[in-house]
Amino acid sequence: MKKFIPATLALIAAFGACLTGCGRTIDSDNVIIVGASQTPHAQILEVIKDDLADKGYTLEVKVFDDYILPNTALEGGELDANYFQHTPYLNTFNAEHGTDLVSVGKIHYEPFGVYGNNVTKEEFSSVKTGRTILIPNDGSNLARALFVLQDEGYITLREGVSANDSLTVHDIADDNGNDVKAVLAETVAVQLAEADAGTIAVINGNFALQAGLDVKNALAVERADGEAAQLYANVIAVKAGNEEHPKIKALLEALRTQKVSDYIRDTFNGAVLPVFEV
């Protein structure tokens with residue numbers, strides 16, 4: 001789904017969330033409210049509802065389709081936790097928005113995939129110039145996408161940068177004749193489908209899943225033999241000060257089980273991988 005949220009609309013939504021949520025505290029009931037992206041986060045959370053019910057908690061999952069409102073809703077008190085982001089994005093968000101959100105635990109890793117519009121794997125490997133390349137435009141995911149493209153020989157980044165840096169397309173030292181375009185992460189898959197033949201895109205794992213893309217058909221997959229799996233693991237985030245709350249501990253305990261690990265591996269076929277130890 002192509003979705004653009006004007007700044008004014010986002011502010012109104014955040015304000016509305018505060019009206020309904022700011023009076024609520026994490027201690028107010030036995031309901032655990034977690035904001036999540038639909039795929040795979042909300043799906044994973046559905047698996048643990050009965051387990052939390054056995055502990056006396058009702059899990060309520062609120063689905064978001066952008067990367068801003070789950071954090072403003074958490075900061076505003078509408079949510080007890082959220083589950084949609086990795087730590088580099090969370091740190092960038094805190095710095096840019098003045099929020100005080102923290103990770104309490106890593107759950108899974110979504111390898112980035114490179115997909116193409118009418119591009120074969122052989123063409124991807126042999127023709128690495130003259131392409132339009134779409135990547136997500138938010139800081140940490142943009143940096144991650146650029147490193148994927150560098151690993152695949154499509155660009156060269158300037159010396160000294162790392163995946164932890166807040167990069168832009170201006171950090172490309174040599175584009176090898178390619179046109180790298182940063183667009184909203186949630187629109188990359190749609191824009192790829194509408195692009196000219198020969199276009200390629202680096203797509204977040206969850207948005208690839210939502211678009212019906214199979215990681216087995218990806219032209220390339222982010223390498224997981226380095227720090228990526230831990231650095232970009234998706235986390236449970238809470239407001240600072242709530243890290244040790246019984247609700248949050250119960251949520252983490254329910255997620256970090258063999259049952260959830262098996263569900264992730266069996267359901268997503270390599271597009272999502274558990275990173276916790278059972």
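The values are calculated or read from the model by the stated rules, or taken from the named source; none is laboratory data. Please read all numbers here as calculations on a predicted model, not as lab measurements. As a convention, Cβ positions derive from the backbone with ideal geometry for all residues, glycine included, and neighbour counts pool all protein chains shown.
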Select from the range 56-67 the residues that are over 19 Å from residue 90 (Cα atoms) and surrounded by 17 or more Cβ atoms within 10 Å (Cβ to Cβ) and list them in ascending order.
57, 59, 61
When residue 82 is run through (1) of a type in the set (S, T, N, Q); (2) in the same structural domain as residue 197 (by TED's automatic domain parsing); (3) surrounded by 22 or more Cβ atoms within 10 Å (Cβ to Cβ), the failure sits at (2)
Condition first: farther than 14 Å from residue 165 by Cα and touching a residue at least 12 places away in the same chain (Cβ under 8 Å). Now tell me which residues in the range 87-100 satisfy that.
97, 99, 100
Within the bounds of the range 226-240, is there any residue that is more than 28 Å from residue 81 (Cα to Cα) and either under 19 Å from the mean Cα position of the chain (by Cα) or loosely packed, with under 15 Cβ neighbours inside 10 Å (or both)?
yes
Count of the range 189-248 residues which are among the β-branched types (Val, Ile, Thr) and modelled with pLDDT under 95:
2
State yes or no: is residue 111 in contact with a helix residue (DSSP H, G or I) (Cβ under 9 Å, 6 or more places away or on another chain) and under 16 Å from residue 139 (Cα atoms)?
no
Qualifying position, being under 26 Å from residue 209 (Cα atoms), surrounded by 18 or more Cβ atoms within 10 Å (Cβ to Cβ), assigned by TED's automatic domain parsing to the domain that holds residue 179 and in contact with a helix residue (DSSP H, G or I) (Cβ under 7 Å, 6 or more places away or on another chain), among 35, 105, 139:
139
Every residue from the range 200-217 that is surrounded by fewer than 23 Cβ atoms within 10 Å (Cβ to Cβ) and either outside the structural domain of residue 146 (by TED's automatic domain parsing) or in a loop (DSSP other than H, G, I, E, B) (or both):
211, 212, 213, 214
